[in-house]
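The structure under discussion appears below in the form of structure tokens.
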Amino acid sequence: MSEVIRVAQIVGKMCNGGVENVVLNYYRNIDRNKIQFDFIVDEDSTNILKDEIESMGGRVFVVPPYQRINEYIPTLIEIFKENNYQIVHSHLNTLSIFPLYAAKKAGVPVRIAHNHSTAGKGETKKNILKYILRPFGKIFPTHLAACTEFAGKWMWGKRAVEKGAVQIFYNAIDLKKFKKDDAIRNAIRGELGLEGKFVIGHVGRFCYQKNQEFLIAIFREIYKKNKNAVLMLVGEGETEDKIKRLVYDMKLDDNVIFMGARHDVERLYQAMDVFVLPSRYEGLGMVAIEAQAVQLPVVASTEVPKEADITNSIRFLNLKSSSKEWANAILNIDVNEKNTDIHFSEKYDILKQVDKLEKYYERLVKK
């Protein structure tokens, strides 16, 4: 039997966000007799799934955040050398320059830079850093990857994607977990007291990118016309307190449910009637994929890539449209009209995509 390939996965802050969930999803489904993951996470992470990772044979290394660069780089070099990794796979987008520099200094032969995001208007400081670092993104990796062609082109350029220099690994899901289930729907709605309610759902980290303040403005317009409406928000993050104050000030607190970070999101989707994603920018919009798997109608901003519309049913609206226009679009959805013949492309089926990742790692190590 050949030796297990152990891959160092650089996920940054583990806070139940999209990127680390994608990596974990691949890890849960990969052949762990062939491939093992170690997770390198920042010490200010809020939701490190250490027990689950270790139960599958993985390890967790907690390191200083990249903001303390004089500690971050030496710590990574030491970890990479001590464990003699053949592959370091970084998911930090433009920030991958830092861990992959450390990997090169440590002599790691295969260094993968994986982009999951783009840039959006409004985050001036963050975007300045992204645009400063982006030109240096090809210096330290030996291989390039992205979650979509859209994200790949933003990071590495159209030519690199078209030449096949960027490997696309789609943010695939376990379709069995996200299958529509009326029994779960009734149970969750019963637990949360949502029987007879019109439930608008949103899953995402509370941050500028996800644009929850606009979602609250949309919901206020919905509530004016439908007092039976409820907004379910799943996630946590730096703008959470601000959004809670906004909800309180608008006197919507009886109709907005803050669910916090959850590990049963697939069950919560079942309780929703409509899913709304008004993001200011996205590399893909994984939650839109999950919502479609549960056969939810999805309303999303035009900043969400078209690649997320895998059922040709997402209603895309411009963020320049008013909250009232968004509310009317949501209220006009027939929630009883379900697409029971949804066909998911193989690229979003984790069982198909994980085989592709296994072969990719094996091929790189053999080289």
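The values are calculated or read from the model by the stated rules, or taken from the named source; none is laboratory data. Computed from a predicted model, the values in this text were never measured in an experiment. Backbone-built Cβ (ideal geometry, glycine too); neighbour counts: all protein chains shown. Surface accessibility is based on the protein's heavy atoms, side chains included, excluding ligands, DNA and RNA. Shrake-Rupley method; radii C 1.70, N 1.55, O 1.52, S 1.80 Å.
Structure data summary
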| quantity | calculated |
| --- | --- |
| First in the stretch 183-208 and farther than 26 Å from residue 282 by Cβ and of a type outside the set (A, V, I, L, M, F, W, C), second anywhere and surrounded by 20 or more Cβ atoms within 10 Å (Cβ to Cβ) and modelled with pLDDT of 95 or more, Cβ under 8 Å, 6 or more apart | 185/270; 185/271; 189/199; 189/271; 197/229; 197/230 |
| Residue pairs meeting the criteria (Cβ under 7 Å; at least 6 apart or on separate chains; first under 16 Å from residue 33 (Cα atoms), in the stretch 352-365; second at pLDDT 95 or above and not hydrophobic (A, V, I, L, M, F, W, C)) | 354/26; 354/29; 357/26; 358/31; 358/34; 360/167; 365/86 |
| Qualifying residue in the stretch 165-182 (condition: surrounded by fewer than 22 Cβ atoms within 10 Å (Cβ to Cβ) and assigned to a helix (DSSP H, G or I)) | yes |
| Residue under evaluation residue 283, criteria (1) closer than 18 Å to residue 20 by Cβ; (2) modelled with pLDDT of 95 or more, criterion not met | (2) |
| Which listed residue is of a type outside the set (Ser, Thr, Tyr), under 22 Å from the mean Cα position of the chain (by Cα) and modelled with pLDDT under 95, from 294, 335, 274, 299 | 294 |
| Members of the stretch 212-264 that are among the basic types (Lys, Arg) and either part of a loop (DSSP other than H, G, I, E, B) or touching a Cys at 6+ places or on another chain (Cβ under 7 Å) (or both) | 227, 251, 262 |
| Some residue of the stretch 173-195 being touching an Asp or Glu at 6+ places or on another chain (Cβ under 6 Å) and modelled with pLDDT of 95 or more | yes |
| Residues of the stretch 302-319 that turn out to be assigned to a helix (DSSP H, G or I) and surrounded by 14 or more Cβ atoms within 10 Å (Cβ to Cβ), as a count | 2 |
| Criterion (surrounded by fewer than 19 Cβ atoms within 10 Å (Cβ to Cβ) and over 27 Å from residue 7 (Cβ atoms)) met by exactly one of 322, 279 | 322 |
| Selection from the stretch 141-160 of residues that are among the hydrophobic types (A, V, I, L, M, F, W, C), part of a helix (DSSP H, G or I) and in contact with a strand residue (DSSP E or B) (Cβ under 8 Å, 6 or more places away or on another chain) | 151, 154, 155, 156, 160 |
| Candidates 104, 125, 121, 138, filtered to the one that is modelled with pLDDT under 95 and in a helix (DSSP H, G or I) | 125 |
| Counted residues, the stretch 30-49 - those being open to solvent by 30 Å² or more (accessible area, probe 1.4 Å), within 29 Å of residue 359 (Cα to Cα) and among the β-branched types (Val, Ile, Thr) | 1 |
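The rows are residues; the columns are (1) closer than 24 Å to residue 358 by Cβ; (2) among the aromatic types (Phe, Trp, Tyr).
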position	(1), (2)
64	no, no
70	no, no
74	no, no
82	no, no
85	yes, yes
89	yes, no
97	no, no
102	no, no
